[in-house]
1. How about the stretch 332-341: which of its residues are open to solvent by less than 60 Å² (accessible area, probe 1.4 Å) and either aromatic (Phe, Trp, Tyr) or touching a Gly at 6+ places or on another chain (Cβ under 9 Å) (or both)?
2. Kindly list the number of the only condition in (1) more than 23 Å from the chain's Cα centre (by Cα); (2) at pLDDT 95 or above; (3) over 30 Å from Phe596 (Cβ atoms) that fails for Val282.
3. Is it the case, given these coordinates, that Ile672 is touching a residue at least 60 places away in the same chain (Cβ under 8 Å) and touching a Lys or Arg at 6+ places or on another chain (Cβ under 7 Å)?
4. Take the residues in the stretch 171-189 that are within 18 Å of Tyr213 (Cα to Cα) and part of a loop (DSSP other than H, G, I, E, B); name whichever of them is most open to solvent (accessible area, probe 1.4 Å).
5. Say we look at the stretch 286-297 and pick out the residues that are open to solvent by 50 Å² or more (accessible area, probe 1.4 Å), free of Cβ contacts under 8 Å to residues at least 12 places away in the same chain and in a loop (DSSP other than H, G, I, E, B); which of these is farthest from Ser197 (Cα to Cα)?
6. So, of the residues in the stretch 666-682 that are in a loop (DSSP other than H, G, I, E, B) and modelled with pLDDT of 95 or more, which turns out to be nearest to Glu553 (Cα to Cα)?
7. Only one of these is touching an Asp or Glu at 6+ places or on another chain (Cβ under 9 Å) and closer than 20 Å to Arg692 by Cα: Ala660, Ala634, Ala640, Ala670. Name it.
8. Regarding the stretch 603-612, can at least one residue be identified that is farther than 28 Å from Gly515 by Cα, part of a helix (DSSP H, G or I) and in contact with a helix residue (DSSP H, G or I) (Cβ under 7 Å, 6 or more places away or on another chain)?
Amino acid sequence: MLSKTKWSTLAVAALLAGCQSAQPDASAGAPDSPRGPVVEQLHGQAVADPYRYLEDPQQAQTQAWVEAQRAYGDGILAAIPNRDVIENRISELWNYEKVGAPFFKGEREFFFRNDGLQSQSVMYVKDKPGADARVLLDPNTLSEDGTVALSGISVSPDGNTLGYGVSQSGSDWQQWHFIRIADGKMLGEPLEWIKFSTPQWNEDSSGVWYARYDAPEGEGKLEEVNRAQKLFFHKMGEAQSADTLVYERPDQPEWGFSPTLTDDGQHLVISVWQGTDRRNRVFLKDLKTGDVKPLVDELVAEVGFLGNDGDRYYFKTDLDAPNGRIVAMDINKPASANWQTLVAETASPIDSVKLVNDHFVVVRLKDVLADVMVYGLDGKAQHHLDLPGAGRVVGLTGRRSDTSLYFSFNSTIHPAGVYRYDFDGDAVHAHRLPEVAFDPEQYVSEQVFYTSKDGTRVPMLITYKKGLEKDGDNPTLLYAYGGFNVSVTPRFSPATIAWLDMGGVYAVPNLRGGGEYGLHWHQGGMRGNKQNVFDDYYAAAEYLIDEGYTRSERLGAYGRSNGGLLMGAALTQRPDLFAAVLPAVGVLDMLRYHKFTIGWAWIPEYGSADNAEDFEYLMAYSPLHNVSERAYPATMVMTADHDDRVVPAHSYKFTAAMQAAQTGAAPIFARIEHNAGHGAGKPTAMRIAEQRDIYAFLWHSFGLTIPDSL
């Protein structure tokens with residue numbers, strides 16, 4: 001931990017850099033955060049919420065607080081010497097051509113490419129086989145600062161029309177536009193008020209089904225709760241006001257709808273989701289009669305549509321198979337007792353499935369690492385793909401009629417390359433590989449297993465530069481997530497390589513709450529079991545210390561969103577383990593998270609404080625409500641002023657509470673991005689600056705000096 005003198009110097013520098021007008025806290029130099037009188041009675045317990053006013057971004061008091069805190073935090077970071085050295089190395093590593101896996105519609109081929117440091121990747125098209133690629137859509141032209149981002153694309157089956165969604169400043173709200181691919185002509189007005197929905201084309205490419213919410217009212221659009229999604233059909237060229245309402249359930253305002261057209265174009269499969277619950281319902285709309293009937297009418301399992309042959313429908317499900325299986329269903333006999341297992345459950349959970357060339361391509365996670373098998377429609381295993389190494393497989397592309405499958409492969413030390421699997425030859429070929437300014441052979445990425453508090457065996461990937469000495473003195477960054485059935489698989493980041501070049505160790509444990517070991521692994525870290533996630537994380541930190549990788553004074557903790565919640569727990573439960581902690585866009589107020597935007601959708605994962613039983617365990621770990629006067633490690637709370645998923649009020653209130661409670665010398669401050677959201681669509685320059693500040697903050701917190709060059 002840094003000395004009080006060193007951090008006090010930074011605090012003074014911060015004030016000189018722009019916080020002179022703020023009222024500094026006597027102990028830490030932070031701007032003052034007035035306390036309000038709010039106290040609520042929840043299930044017989046008095047719960048104080050003195051910073052409730054920070055939930056309202058329209059209040060002048062909140063705006064003044066944000067500006068003072070932003071200036072204070074920016075000043076602290078600006079006073080750290082040689083930040084530019086880190087930024088330059090990250091930029092150098094980032095500056096390489098990145099190309100995504102191609103996909104095909106009609107006679108056209110589409111792919112994304114970034115020449116290196118472009119804010120957003122550019123969409124290209126080849127109009128026919130053998131043709132030169134041309135720019136179809138350049139999101140970098142949508143705004144001068146890159147904060148208007150491409151949020152999704154949907155190409156018509158005939159390959160003639162492109163639908164694309166855009167979001168502003170990282171918002172979850174999307175606006176969808178449609179253009180004619182041949183000449184770029186805009187087709188009608190854009191579709192508004194869309195969240196969590198990608199348009200699905202009909203068979204003749206004349207229109208799309210999509211889901212949207214009613215337009216929010218008033219000034220509080222950022223915080224307003226989003227409920228009662230509705231499914232519409234939009235015909236190309238017509239006004240949105242003329243769209244046909246296809247399905248709604250006003251009696252079920254928490255239901256959301258994801259449409260998929262069947263392979264034969266006869267039915268619309270409507271996946272009905274309820275918050276972030278992994279389970280879903282499935283309805284079937286007959287496009288001739290307009291009738292809608294249920295195939296799966298209860299929340300009993302995840303049931304994901306893969307394709308169909310007539311009345312024989314294929315699904316991936318975890319019903320009676322926690323690690324997943326592939327089944328066939330006769331839609332005339334949809335009861336699960338009639339489902340036929342085609343690809344049985346194995347010890348390795350299914351991560352993804354794609355129906356290509358009339359084969360099931362199944363990606364499983366074998367101790368977190370990708371393992372790919374090809375099956376026939378009868379479920380018989382046909383070929384095991386020989387992957388380039390141990391890593392991650394994503395972005396499967398291909399149609400049922402295609403003879404090749406494309407996918408992206410990467411690992412922590414191998415940048416994403418595009419590979420092609422030819423069904424005719426049963427071989428994997430490199431399609432397009434990147435060239436990056438580093439040698440992967442100079443780095444080590446090893447998987448270890450450690451024991452958590454209750455005896456559970458947990459995997460962790462540890463990456464570092466060759467020649468590392470386990471002397472207990474290495475700067476180490478421990479990143480984790482642990483929730484929502486999300487599998488944290490190995491992935492390449494140029495910024496991670498820069499951290500390794502600085503001499504750092506990068507460690508990623510696969511905590512319970514994720515999907516790395518199937519349904520039971522997820523359930524072991526949700527709702528009342530959430531403490532298991534935290535304990536898994538602390539055990540990872542202790543393993544790194546016990547095995548000589550690092551020590552507490554050189555260990556940093558970092559997590560985003562649900563991982564930001566994990567960071568809040570680390571601060572309030574085990575601050576002794578870390579020299580620095582970075583809660584980023586975190587869910588930190590567990591008693592009120594469900595009262596903003598889409599927060600209610602996380603109740604299946606966390607529970608709700610409105611319920612007495614849930615309140616008990618939520619109150620026990622809610623970071624905001626477990627802040628107490630003590631010495632905390634250096635803390636940089638990261639958020640963005642346009643985050644409409646995890647609203648910034650979480651971070652604002654937590655920062656204020658932590659600053660008031662800090663009795664130690666280490667700084668506690670907020671890094672508040674302007675015109676940014678939860679993270680999606682963030683321009684490259686902003687992403688590089690964020691990583692620069694993370695590493696500079698950690699390095700300084702470890703008592704180290706950033707060198708003049710890397």
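The values are calculated or read from the model by the stated rules, or taken from the named source; none is laboratory data. Keep in mind that what you see is a predicted model, and the values were worked out from it rather than measured. All Cβ positions, glycine included, derive from the backbone under ideal geometry; neighbour counts span all protein chains shown. Areas reflect the complete protein model, heavy atoms only, side chains present, ligands, DNA and RNA absent. Shrake-Rupley method; radii C 1.70, N 1.55, O 1.52, S 1.80 Å.
1. The one that is open to solvent by less than 60 Å² (accessible area, probe 1.4 Å) and either aromatic (Phe, Trp, Tyr) or touching a Gly at 6+ places or on another chain (Cβ under 9 Å) (or both): Trp339.
2. Result: Val282 fails condition (3) only.
3. Yes, satisfied.
4. Among those residues, the one meeting the criterion is Glu189.
5. Thr289
6. Here the answer is Ala666.
7. Ala640
8. No: zero hits.
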